[in-house]
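These notes are about the structure you will find just below.
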Amino acid sequence: MFNRFPKHERNLFDKLAAYLAPSDLDELRAVLDFAEVSHAGQVRRSGEPYITHPIAAAEIVADYRLDKATLAAALLHDVPEDTDRTLGEIEERFGQEIAGLVDGVTKLSQVRLKKNWADVYPKVAAAGDRQENFNSFDRHVETLRKMFLAMSQDIRVVLIKLADRLHNMRTIEALEPEKRSRIAQETLQVYAPLASRLGIGTMKGELEDLSFPHAHPDEYHALKQLVFREYRKRVRYIERVRRILLKRLAKIGLRAEVHGRAKHMYSLWKKLTRNDDNLAKIHDLVATRIIVESVEECYQVLGMVHRMWRPLPGRIKDYIAFPKPNGYQSLHTTVFASGGMITEIQIRTRQMHYFAEFGIAAHWAYKEQPDEAPQTLLARVKNRLVGTSGHHVEWLEELAKTGQAISDPAEWRKGLTLDFFQDRIFVFTPNGDILDLPSHATPIDFAYAIHSDLGDHCTGAKINGRIVPLSYQLENGDIVEIMTQKKTSPRRDWLNLAKSSKARAHIRRAVN
Ligand code: MN
């Protein structure tokens with residue numbers, strides 16, 4: 001019906017036609033029409049029609065070949081918050097699955113880095129001496145990351161939100177500078193690490209590089225100056241290495257792809273700060289990547305490379321035998337290559353390469369291997385999300401239990417739920433601080449978590465501006481404001497309402 005943005009629309013549907021059935025395309029056209037009508041008349045800060053943003057987010061989702069419901073939700077993701085259309089209308093027209101995803105994405109817009117931290121952090125980071133501030137900043141962002149996952153519930157919600165943020169970062173120049181800095185910090189601290197934990201290497205790299213100039217402008221410009229000439233030199237050098245390698249590979253009868261890969265600016269900056277800012281110590285500023293068909297060929301090529309050029313001791317990394325926590329696999333070696341220049345070479349199969357770029361999204365898209373058992377897939381997701389550090393163990397056990405209950409991998413993959421946070425909820429104070437409470441917590445738990453005085457005198461609460469009784473069960477994302485009266489004191493029946501041990505201990509002491 002509407003066709004006012006034919007170019008954007010055509011690009012999207014070209015991508016979709018490559019992997020969806022014609023009937024799916026028809027459904028998505030109807031979804032797009034609805035989104036277009038809903039956003040009619042709205043423009044982005046850049047002056048472009050608003051609908052170009054959801055279309056672009058859907059295009060990113062299509063690059064990862066996600067399913068129809070995820071695409072529909074990407075097209076609709078800003079409708080409930082930014083237009084007159086409601087979530088109810090979306091559910092009525094397009095069903096519960098799509099509405100559920102849209103609702104998840106809408107809720108996530110509350111997960112925001114506090115503005116004062118965005119201002120303070122670059123200065124603290126530059127000074128590098130206020131450990132205490134670092135720690136509370138780290139605590140704040142770790143809570144945000146957990147909260148992000150807890151509120152997402154379905155992994156597809158996370159992927160849509162990442163696509164949304166990626167497009168916003170690609171167009172961030174249109175915003176005013178202060179806003180850019182906060183959003184760039186938030187992207188570096190919350191979004192890029194999540195993309196990384198999900199193994200989506202392409203997205204992590206792009207999010208970081210788009211944020212870097214806005215989050216740390218001085219450092220970014222200094223680094224650009226520093227590496228510009230060195231970088232060009234190494235690109236030319238790698239081209240020579242590439243030709244030599246191709247010749248050798250042909251000689252031993254291996255069909256392989258060889259290309260140069262420039263290190264992302266942000267990860268280069270992080271690495272340099274760990275290496276006394278000495279560029280000579282960075283051997284993968286431009287690295288060579290060799291892609292082969294099988295694992296045997298990976299080791300065969302490693303042997304070939306080591307016979308051609310002497311490896312640096314201690315620099316051979318076998319991530320095939322020992323994958324990184326997020327599932328990354330590859331062989332890395334650093335050699336004295338042609339002319340004695342030290343350079344890194346990465347060797348991997350096509351499939352490893354694919355998983356390194358697509359990560360968790362690959363589980364929807366990758367059709368060439370038999371379905372994994374849910375437990376295996378689950379273990380992979382688990383490692384990606386929470387890493388292997390010890391203090392996350394309770395979540396892991398929850399997650400493992402979920403996996404055992406599901407026998408059909410396709411069904412499980414469809415709605416990859418993240419209910420391993422089911423024992424915790426995340427709520428806000430009126431000024432945006434986040435509290436992490438046991439699930440089924442009530443305003444009493446909230447009040448005592450802030451201060452025992454607030455707990456002792458609480459009479460009720462406002463949740464998202466609406467007055468509720470003390471028995472109200474808090475939900476993820478609630479904004480909680482406690483109402484107090486001086487003459488109120490704790491009552492024995494509060495013990496039936498309080499869930500946290502801190503609140504219960506205070507109440508017990510007061511009533512006895
Ligand atoms: Mn959006």
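No lab work stands behind these numbers, since they all come straight from the coordinates. As the structure is a prediction and not an experimental result, all values here were calculated from the model. Heads up, the Cβs are rebuilt from the backbone with ideal geometry, glycines too, and the neighbour counts pull from every protein chain shown.
Tell me which trypsin sites (Lys or Arg not before Pro) from the stretch 292-359 have a DSSP coil assignment and no more than 14 other beta carbons within 10 Å of their own. Passing sites in the stretch 292-359 are R315. Taking amide H as placed 1.01 Å from N in the peptide plane, K263 has its amide H under 5 Å from the amide H of V286, A287, each at least 5 places away in sequence or on another chain. Karplus-based coupling profile of the stretch 496-506, in residue order and whole Hz: 6, 9, 7, 10, 7, 5, 4, 5, 5, 5, 4, with θ = phi - 60° in 6.51 cos²θ - 1.76 cosθ + 1.60 and x standing for Gly or Pro. Residue-wise HN-Hα couplings along the stretch 467-473, as the Karplus relation 6.51 cos²θ - 1.76 cosθ + 1.60 with θ = phi - 60° gives them from phi, are 6, 10, x, 5, 7, 4, 8 Hz; Gly and Pro carry x.
Between A72, I60, G88, the Cα set farthest toward the positive side of the dipole of the stretch 56-118 (charges on each charged residue's Cβ, about the Cα centre) is that of I60. Among the listed pairs K114/K146; K179/K224; K15/K317; K251/K324, those whose Cα-Cα separation exceeds 27 Å are K15/K317; K251/K324.
Expressed in units of 2.2 N^0.38 Å, where N is the residue count, the Cα radius of gyration of the stretch 164-320 is 1.23.
Our summary gives the stretch 139-205 a relative contact order of 33 percent, counting only alpha carbon pairs under 8 angstrom and 6 or more residues apart.
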